[in-house]
Amino acid sequence: MKNIIYFLIAIISIISCKSKPAKKSFSNDQFLSVNKQTIKKIDVHSHYRYSREYLSSLYKKWNMQSVLVDVSKEDSTGITRSWDSYLVNAQTNPDLFFLCSSLIGSGIDLPDFVPRAIEQLNQEIDSGARMVKVWKNFGMVTKDATGNFIQIDDTRLQPIWDLLKNLGIPVMAHIGEPEQAWRELDPANPHFGYYKRNPQYHAYKISAIPSYETIITARDRWIENNPDLKILCAHLGSMSHNVDMVAERLDKFPNMYVELAARFGDLANQDSEKVRAFFEKYQDRIMFGSDYGNSRPEDVMTDSELYEEKMDLDTSYDGLWKYLSSTDSLVVRRQKTMGLGLPVGILHKVYFQNTANFLKLE
Ligand SMILES: [Zn+2]
């Protein structure tokens, strides 16, 4: 008898688990695989430094193009960028890629900082850049001559924002880090591996780095002070652990947009119904991004390395597609979750239309 009761409880719980997704009716495999091909896609955040022969057929399969996002970094050797590699790759594969330039605050006190930055940006916009990226070195790494970390709302940067506003060029802003960076490392957190490998960004252990709140508040002020500048907050605006925080800003700042790159694990950590409601409400302001890319030229790689790289990419894009489109139970970045089962209309906006509008691609 006891066994029968347990059996019945098990059946009921399976039915009740299954009944929620079934309501959404977007989960049948055939339906999804048709849409996987028919929905156009733009990966708004990628780092393919080098051309790949396989990428053209892989992207064709996925009906995808991507934006090559440059990053200006600074270490003891000076400033490093990958713009030249991205430019060559985009010029070699104009059907696959769009370009995003980048800006860093090093030397902000020098009298020629603004004219030089403007000259560089004008040149790269002429070469095809449709957006300019600012990175987390604003706020966390780069200091001015007085030894203060340069926050993104620093008034010395204003002529640059004015230029971009006039040119209608938006900014991609990766400002700050996930909140985890300011906490003791938690092996269950999706960012555990990153801060293990990159302790220089684990702010919890580096007391000189300003607080999460200081950096996010400066970022918010900058967005508010530049209502005519379109700002795409990368990585869900460094608030990926809580979609309510993202929603609060999207409500407050009409010029703010977000993209998803490398933060699917944080979404998977939250209740899928809640995340789905977030996508429904802000369906015109969320863009698909992955942060996928490469860092070695094709000619130094073996055939099997290239094959593996291609298969990894295909599997990774597939994992993100399944999370957004299906209602299956999934594991995303080691987080157990349910797919969001977004309707085709929202998938089309998130994967393609919002980015096409934002970057004026049509
Ligand atoms: Zn990136």
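Readers should treat all values here as calculations from the given coordinates under stated rules, not as data from a laboratory. The structure presented is a predicted model; accordingly, all values stated were derived computationally and were not measured. Note: ideal-geometry Cβ built from the backbone for every residue, glycine included; neighbour counts use all protein chains shown.
Assigning unit charges at the beta carbon (Lys, Arg +1; Asp, Glu -1) and nothing else, what dipole magnitude in debye, to the nearest 20, does region 42-139 show about its Cα centre?
Result for region 42-139 is approximately 440 debye, rounded to the nearest 20.
Using the 10 angstrom Cβ neighbour count as an exposure proxy, how do Tyr194, Tyr317, Tyr86 rank, fewest first?
Exposure proxy ranking, most exposed first: Tyr194, Tyr317, Tyr86.
Which of the three applies to the chain, rounded, prolate or oblate, going by the alpha-carbon gyration tensor with a ≥ b ≥ c and a/c under 1.5 meaning rounded? Walk me through the intermediate numbers first.
Details: a/c = 1.78, a/b = 1.46, b/c = 1.22.
Prolate.
Would you calculate, for the chain, the mean residue ellipticity at 222 nm contributed by helices, counting each DSSP H stretch of 4 or more residues as -39,500 (n - 2.57) and dividing by all residues, to the nearest 500? Show your work: numbers first, answer last.
Details: 15 runs with 159 residues, N = 362.
Taken over the chain, the calculation gives -13000 deg cm²/dmol.
Counting other C-beta atoms within 10 Å, which of Phe138, Phe113, Phe352 has the fewest, and how do the rest follow? Walk me through the intermediate numbers first.
On the way: Phe138 26, Phe113 17, Phe352 22.
Result, fewest neighbours first: Phe113, Phe352, Phe138.
Given the C-alpha centroids of region 257-272 and region 85-148, what is the distance between them in whole angstrom?
26 Å
Given a 10 angstrom Cα cut-off, can you work out which residue in Pro111, Pro210, Pro297 is the most mobile in a GNM of the chain?
So, out of Pro111, Pro210, Pro297, the one fluctuating most is Pro111.
Over the chain, with a Gaussian network built from C-alpha contacts below 10 Å, which listed residue (Ser56, Ser33, Ser240) shows the highest mean-square fluctuation?
Between Ser56, Ser33, Ser240, it is Ser33 that shows the largest mean-square fluctuation.
When only Cα pairs under 8 Å and 6 or more residues apart are kept, what is the percent relative contact order across region 31-358?
Numbers: 573 pairs, mean separation 61.5, N = 328.
Relative contact order for region 31-358 comes out at 19 percent.
Calculate how steeply helix 243-252 sits against the longest principal axis of the alpha-carbon atoms of the chain, using the helix alpha-carbon long axis, and give the answer as 0 to 90 degrees to the nearest 10.
50 degrees
What is the helix-to-structure angle for 113-126, meaning the angle in degrees between its Cα long axis and the longest Cα principal axis of the chain, kept from 0 to 90 and rounded to the nearest 10?
It works out to around 60 degrees.
Where does each of Glu184, Glu280, Glu309 land when they are ranked from fewest to most other beta-carbon atoms within 10 angstrom? Let's see the in-between values first.
Values: Glu184 9, Glu280 12, Glu309 17.
Listing Glu184, Glu280, Glu309 from fewest to most nearby Cβ atoms yields Glu184, Glu280, Glu309.
If you place +1 on the Cβ of every Lys and Arg, -1 on the Cβ of every Asp and Glu, and leave all else neutral, what size is the dipole of the chain about its Cα centre, to the nearest 20 Debye? Mind dumping the intermediate values first?
Numbers: 43 positive and 46 negative charges, 272 e Å.
Roughly 1300 debye for the chain.
Pick out, in residue order, every one of the trypsin sites (Lys or Arg not before Pro) in region 258-340 that is DSSP loop and has at most 14 other C-beta atoms within 10 Å; say none if there are none. Walk me through the intermediate numbers first.
Working: sites: Arg263, Lys274, Arg276, Lys281, Arg285, Lys310, Lys322, Arg333, Arg334, Lys336; in loops: Arg263, Arg285, Arg333, Arg334.
Answer in residue order: Arg334.
Hey, if you drop one equal point scatterer on each alpha-carbon of region 236-282 and run the Debye formula without solvent, what base-10 log of I(q)/I(0) do you get at q = 0.16, 0.18, 0.19, 0.26 Å⁻¹?
Once normalised to I(0) and log-transformed, intensities are -0.38, -0.48, -0.54, -1.01.
Please work out whether region 206-292 counts as rounded, prolate or oblate from its C-alpha gyration tensor, where a ≥ b ≥ c are the square roots of the eigenvalues and a/c under 1.5 means rounded, while otherwise a/b larger than b/c means prolate and anything else oblate? Can you show the working numbers first?
Numbers: a/c = 1.69, a/b = 1.18, b/c = 1.43.
Oblate, because a/c is 1.5 or more while a/b does not exceed b/c.
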